[in-house]
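The values are calculated or read from the model by the stated rules, or taken from the named source; none is laboratory data. Everything numeric in this text was worked out from a predicted model, so none of it was measured. A quick note on method: Cβ atoms are made from the backbone with ideal geometry, for glycine too, and the neighbour counts reach across all protein chains shown. Remember, those area values only see protein heavy atoms, side chains included, never the ligands or the DNA or RNA. Shrake-Rupley method; radii C 1.70, N 1.55, O 1.52, S 1.80 Å.
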Amino acid sequence: MNTIIKDTLTSILATILLALILCGLYPVVVWGAGQLLFPRQANGSLLESRDRTIIGSELLGQNFSGARYFHPRPSAAGTNGYDAANSSGSNLGPTSQKLMDSVKQRVADYRKENNLAPNALVPGDAVTSSASGLDPHISLKNALLQAPRIAKERSISEDAVRAEIDKATIGRQLGILGEQAVNVLKLNLALDGSAPR
Amino acid sequence: MNISGWIQLLLYIAALLLATKPLGLYLCRVLDRDGKTFLDPVMKPLERLTYRLTAVDPRQEHDWKRYTGAMLLFSLVSMLFTYAILRLQAVLPFQELFNPQKLPALSEHLAFNTAASFTTNTNWQSYGGEGTMSYFSQMVALTIHNFFSAAVGIAIAAALVRGIARHTAQTIGNFWVDLVRVTYYLLLPICLVFAIVLIGQGMIQNFKPFASAKLTEVVKAQVEKKNDKGEAVKDAEGKPVTEEQTTDTQSIVEGPMASQIAIKMLGTNGGGYTNANASHPFENPTPLSNFLQIFSIFLIPSALTYYLGRTVKNQKHGWAVWAAMFLLFFGGVMVAWHYEVAGNPNFTALGVDPADGNMEGKEVRFGIFNSALFATITTDASCGAVNAMHDSFTPLGGLVPLLNIELGEVVFGGVGAGLYGMLIYVIIAVFIAGLMVGRTPEYLGKKIEPYDVKMAAFVILVLAFSILGFSAWASVSKMGLPDPVSGVLTDGTNNNGPHGFSEILYAYSSATGNNGSAFAGLTANAPWYDTTLGLAMLFGRFAMIVPILALAGALARKKLIAASAGTFPVSGPLFTSLLVGTVLLVGALTFVPALVLGPVVEHFLMHAGKLF
């Protein structure tokens, strides 16, 4: 009985003491170091327009549906997609009728928007929703298929659009890790000339 | 299965292999109360002060009963601590700073589920992350258990290894000393560095309210009209009325994320800051942050095999266990990778490029390979963080994480939990080997007697009993929330057909295995699910740890016997093969019928084009 009381007391004291260190001191030290060393990243890699309004985060995708803009991946975050306070995937499985219906519709829309042949292969990332619903990227293949549409809508040359795609493309990190990807928000902002580079 | 994937896989394996010995040696010092480390100048005074303030005598070692009692009391107290914070989230002081989004308190069942989940190193997310937890809850209620449950796991593994290494001894260590030393010398220092590196990659760490970004393109969408009570408005025919909703801003999540994510990965906890966990671009911004996160999952578990070899003075045994883990890991990655690359034939039929694989629920920056690798690692270990949605994996790609959990997460495994789980299989393996040759089984100079085998068998049975029992119960009893329109109770699944069953099976596997990943379509935040899943977590953790500590006590008391020509060697390829075979046979066979009803049948139905 004595040991139970003693160990209970130690449990309570240890929880309080370690909470002060692990939940007070530790996050505050990390916060201080982060704000000092990487202030931009620690605050969300926010992008500002010329008049200092926040217009997004370079890490988070946004909705674009107009023909003038590159379209991001379908998103299941929030009711309208790309709700950055409600990250979520579709969580639809491989034999879901609902998923197949959506993909079928997206494939048809993608071919129509980009003036593709009725049997043209559509990039996988263009018609599937991402895990977070906030994927900032599309594949290069997807971007290049959209390029002619953007060029036409904005009356600029396809080469100019490709040059912008090139600037918004990140290669494999350190040459090895991950996949090549195009940041849609940065690309669209660059086309609009609305974000300071 | 492209060359770039192979290079990344080799890089990962090489990094893990290189880190195993140095960190293993360091662990030997940390888990020895007199061990000297390079952190002594800073940490030793803090360690001494901690013992003094918490009334602990570090010189005193305890038998297994006292050790178990301390562990259970500590878990109970810290679980109540977390429960209280979650219930009081909306009324604690400094709301402006710590709860700028004015989030309400959690319901009783959600708070119970979450407190049980974090105490047991499960970190299942019935909660929604950014939309449920205040900064204070994230930073204190959740983070504290990320440290505690990891340290407790390592402490128990150390106690079991001591039990194996000692002979004719009564004690297996001092729980408080193990807890404090693991926290101060291992977890905290690595996390400090890791968290700052993660911020450098783009992870947030601040105390600001959510940012609001002005959208470049205003979004207009038709949404269901809701009345003041939040109910859907219906027209005369009973169809929901829609209205146009205009969205011109994006609300961007902020808060103290990096400090929590570092320990979430290193401690194989896996509970996300956000709902989307490590697929959220803030929670896993780059391929490098992804690599470091999966590296940190296996880092301590891998080093613990070296600690095992060193402590029992048979380094070859440590490496043989490592090799068995590695083979199971490698096999899992191959299967998951293969089937995710092969993709879904129903997508291909609709005109989707088959070269892209199954991209539903995956992020472009990680691609197929890193998603399959992450899914395998997070379930080999009891981590449960996800960088892709397992629910949207192909049937057999999704079978890998499910099976990994059901094997008991012994493939490197959770911090500590992986090693003690694997050592149970080692006991069973030498027992089977002993039966085959008709000798009393021996393990490292100790006779394995009925009591020991009973304890080991109990651990295996707990897993099967809880997973299959709860899954069967939930499958027939509609534990989900009522349908919002008809009011009829649902089973909470997001998918129909065999995939719906897989969602339920995965939930109880994940809860019992203390994993925490999910086929997340299941809406588990309902009173019955929250409660039964919480019970499965507690059962899966403590009904295993207690017999394991009893086993540690029994092994420590045994006399050493000299090895003879008939002693089965516990190192080398033969032993490794036997161990892998035992894990697969004993572990997997139990679950084959359930897996056939879920992922396996779905695989064939998918190829037949049958949709639900």
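Once you have all Cα-Cα distances for segment B:417-607, histogram them in 10 Å bins from zero and send the whole-percent values. Spelled out bin by bin, segment B:417-607 gives 8, 30, 27, 18, 11, 4, 1, 0 percent. Using a probe of 1.4 angstrom and keeping all protein chains present, the accessible surface of segment B:9-65 works out to 57 square angstrom per residue. With R₀ set to 60 Å, the beta-carbon distance separating A:ARG68 from B:ILE561 gives a calculated FRET efficiency near 0.15. A dipole drawn for segment B:380-465 from +1 and -1 charges on Cβ atoms has a positive end, and of B:ILE432, B:GLY445, B:ILE460 the residue lying farthest that way is B:GLY445.
The residues neighbouring A:GLU113, those whose beta-carbon lies less than 13 Å from its own, together hold a net charge of +4 under the Lys/Arg +1, Asp/Glu -1 convention. For segment A:2-41, the solvent-accessible area of protein heavy atoms averages 51 Å² per residue (probe radius 1.4 Å; ligands and nucleic acids excluded).
Ligands, DNA and RNA are left out, and with a 1.4 angstrom probe the accessible area of segment A:101-197 is 45 Å² per residue. Model label sites at B:ARG52 and B:MET1, defined 7 Å from Cα along the beta-carbon direction, differ in position by 6.0 nm. Charged side chains reduced to their Cβ positions (Lys and Arg at +1, Asp and Glu at -1) give the protein assembly as shown a dipole of some 2260 debye around its Cα centre. Have a look at B:ALA507, B:PRO547, B:VAL485 and report the one farthest towards the positive end of the charge dipole of segment B:417-607, computed about the Cα centre with Cβ charges (Lys/Arg +1, Asp/Glu -1). The Cα lying farthest towards the positive end belongs to B:PRO547. Where is the GNM fluctuation largest for chain A (alpha-carbon springs, 10 angstrom cutoff): A:SER96, A:SER57, A:SER11? The residue with the greatest mean-square fluctuation here is A:SER11. If r is the Cβ-Cβ distance from B:VAL241 to B:LEU489 and R0 is 22 Å, what FRET efficiency results, to the nearest 0.05? In this case the efficiency is close to 0.30. Segment A:44-192 gives an Rg/Rh value of 0.96, both radii derived from C-alpha positions and Rh following Kirkwood. In this structure, no residue pair taken from A:LYS104/A:LYS141; A:LYS167/B:LYS214; B:LYS21/B:LYS264 has a Cα-Cα separation over 25 Å. Label-to-label distance, A:LYS112 versus B:THR440, with points set 7 angstrom from Cα along the beta-carbon direction: 8.0 nm.
Put simply, the convex hull of the Cα atoms in segment A:1-103 casts, on average, a shadow of 13.7 nm². Solvent-accessible area assigned to carbon and sulfur over segment B:417-607 amounts to 73 percent, based on a 1.4 Å probe.
P(r) tail for segment B:228-386: Cα pairs beyond 24 Å make up 54% of the total. Can you tell me the FRET efficiency between A:GLN97 and B:LEU18 if r is taken as the Cβ-Cβ distance and R0 is 45 Å, rounded to the nearest 0.05? Calculated value: 0.40. Here the 3J(HN,Hα) profile of segment B:580-590, calculated from phi with Karplus coefficients 6.51, -1.76 and 1.60 at θ = phi - 60°, is 4, x, 5, 4, 5, 6, 5, x, 6, 4, 4 Hz, Gly and Pro shown as x. Measuring between alpha carbons in the structure, the pairs from B:LYS36/B:LYS446; B:LYS454/B:LYS559; A:LYS98/B:LYS102; A:LYS98/B:LYS234 lying more than 26 angstrom apart are B:LYS36/B:LYS446; A:LYS98/B:LYS102. For the pair segment B:106-134 and segment B:53-95, the centres of their Cα atoms are 18 angstrom apart. Candidates B:ALA115, B:SER212, B:GLY413 compared by Cα position along the dipole of the protein assembly as shown: farthest toward the positive end lies B:GLY413, with charges placed on Cβ. Apolar share of the accessible surface for segment A:131-197: 53 percent from carbon plus sulfur atoms, 1.4 Å probe.
Semi-axes of the equivalent ellipsoid for the protein assembly as shown, computed as √(5λ) from the eigenvalues of its C-alpha gyration tensor and ordered from largest down, come to 45, 29, 26 Å. In this structure, the amide hydrogen of B:GLU363, modeled 1.01 Å from its nitrogen in the peptide plane, lies closer than 5 angstrom to those of A:ALA131, counting only residues at least 5 positions away or on a different chain. Averaging 1/r across all pairs of distinct Cα atoms in segment B:1-79 and inverting the result yields a Kirkwood radius of 16.5 Å. Rounded to whole numbers, the Karplus 3J(HN,Hα) couplings from phi for segment B:452-464 are 5, 5, 4, 4, 5, 5, 4, 4, 5, 5, 4, 4, 5 Hz, using 6.51 cos²θ - 1.76 cosθ + 1.60 with θ = phi - 60°, and x at Gly and Pro. Please give the residues of segment B:425-449, grouped as numeric ranges, whose backbone N is less than 20 Å from a label point set 7 Å along the Cα-to-Cβ vector of B:LEU584. Residues passing the 20 Å test: B:425-434, B:436.
Which links in B:LYS44/B:LYS208; B:LYS44/B:LYS313; B:LYS208/B:LYS362; A:LYS112/B:LYS362; B:LYS225/B:LYS478; A:LYS152/B:LYS220 stretch past 31 Å when you go from one Cα to the other? Cα-Cα > 31 Å for B:LYS44/B:LYS208; rest within. Interface area, chains B and A: about 8600 Å² of buried accessible surface, summed, with a 1.4 Å probe and ligands, DNA and RNA left out. Keeping the other protein chains in place, figure out the carbon and sulfur percent of the accessible area of segment B:128-230, with a 1.4 Å probe. Ligands and nucleic acids excluded, carbon and sulfur give 55 percent.
Antiparallel beta bridges, as assigned by DSSP with both residues in the protein assembly as shown, represent about 95 percent of the total such bridges. For B:ILE252, nonlocal amide neighbours, meaning residues 5 or more places apart or on other chains whose placed amide H falls under 5 Å from its own, are B:ALA211, B:SER212, B:ALA213. Converting phi to 3J(HN,Hα) with the Karplus coefficients 6.51, -1.76 and 1.60 and the offset θ = phi - 60°, segment B:23-31 yields 6, x, 5, 5, 4, 4, 6, 5, 8 Hz in sequence order, with x at every glycine or proline. About its Cα centre, chain B has a charge dipole of approximately 2620 debye under the convention of +1 per Lys or Arg Cβ and -1 per Asp or Glu Cβ, with nothing else charged.
Near the amide H of B:LEU522, within less than 5 Å, lie the amide hydrogens of B:ASN494, all on another chain or at least 5 residues away, with H placed in the peptide plane.
Put B:MET455, A:MET100 in order of accessible area, highest first, and with a 1.4 Å probe you get B:MET455, A:MET100.
Segment B:458-492 and segment B:2-51 have their alpha-carbon centroids 40 Å apart. Taking the Kirkwood radius as Rh and the Cα radius of gyration as Rg, chain B has a ratio of Rg/Rh equal to 0.98.
If only the Cβ of Lys and Arg carry +1 and only the Cβ of Asp and Glu carry -1, the dipole of chain A around its Cα centre is close to 240 debye. Radius of gyration over Kirkwood radius for segment A:2-41, both on Cα atoms: the Rg/Rh ratio is 1.37. Summarising the label geometry, the points placed 7 Å from Cα in the beta-carbon direction at B:VAL197 and A:ALA151 lie 4.3 nm from one another.
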